[in-house]
1. Just one of (1) of a type outside the set (Asp, Glu); (2) outside any strand (DSSP E or B); (3) in contact with a strand residue (DSSP E or B) (Cβ under 9 Å, 6 or more places away or on another chain); (4) more than 11 Å from ARG71 (Cα to Cα) trips up GLY42, so point out which.
2. For the stretch 22-40, which residues satisfy the criterion of being of a type in the set (Gly, Ala, Ser), under 20 Å from SER56 (Cβ atoms) and either modelled with pLDDT under 95 or open to solvent by 20 Å² or more (accessible area, probe 1.4 Å) (or both)?
3. Which condition from (1) at pLDDT below 95; (2) surrounded by fewer than 16 Cβ atoms within 10 Å (Cβ to Cβ); (3) basic (Lys, Arg) is the one that LYS76 breaks?
4. Could you check the stretch 1-21 and list, in sequence order, the residues that are open to solvent by less than 60 Å² (accessible area, probe 1.4 Å), of a type in the set (A, V, I, L, M, F, W, C) and within 18 Å of LEU85 (Cα to Cα)?
5. Can you find a residue in the stretch 58-71 that is in a strand (DSSP E or B) and over 13 Å from the mean Cα position of the chain (by Cα)?
Amino acid sequence: QVQLMESGGGLVDAGGSLRLSCAASGRIFSIDVMGWYRQAPGKQRELVATITSGGSTTYADSVKGRFTVSRDNGKKTMYLQMSSLKVEDTAVYYCNRASPVKYMWGQGTQVTVSS
């Protein structure tokens, strides 16, 4: 069973940057299409970025041009570099497979952007 652990969140001023990490343990991480998700208070969890095992990426329109997803398959780690952060980026950020069948969700990492 794959376990996921997100880290790197924090409190940042609008316009600032953060880098999130997602560390996976267990099997079958390297071939998965992985995604970063976020859930703001009172809202549904949304997918913000995906990355294939080969490094192809997609982004939600709301973060395109500001967020960059990357991965290191050897380290079983995925990253999300977030720049030009906005107050509306405030959420708990999670990583998981970008497919209907998910691994068990991790605890997530809180990102709070202040104005």
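1. (3)
2. The first filter runs over the stretch 22-40 and keeps only residues of a type in the set (Gly, Ala, Ser), leaving 23-26, 30, 35, 40.
Within this subset, residues satisfying the condition of being under 20 Å from SER56 (Cβ atoms) are 24, 30, 35.
Across the stretch 22-40, the qualifying residues are ALA24, SER30.
3. LYS76 satisfies all of (1) at pLDDT below 95; (2) surrounded by fewer than 16 Cβ atoms within 10 Å (Cβ to Cβ); (3) basic (Lys, Arg) except (2).
4. Matches in the stretch 1-21: VAL12, ALA14, LEU18, LEU20.
5. The answer is no, given that none of the residues of the stretch 58-71 is in a strand (DSSP E or B) and over 13 Å from the mean Cα position of the chain (by Cα).
The values are calculated or read from the model by the stated rules, or taken from the named source; none is laboratory data. Only a predicted model underlies this, so the values are computations on that prediction, with no experimental measurement involved. Backbone-built Cβ (ideal geometry, glycine too); neighbour counts: all protein chains shown. We work out accessible area using only protein heavy atoms, side chains counted, and drop any ligands, DNA or RNA first. Shrake-Rupley method; radii C 1.70, N 1.55, O 1.52, S 1.80 Å.
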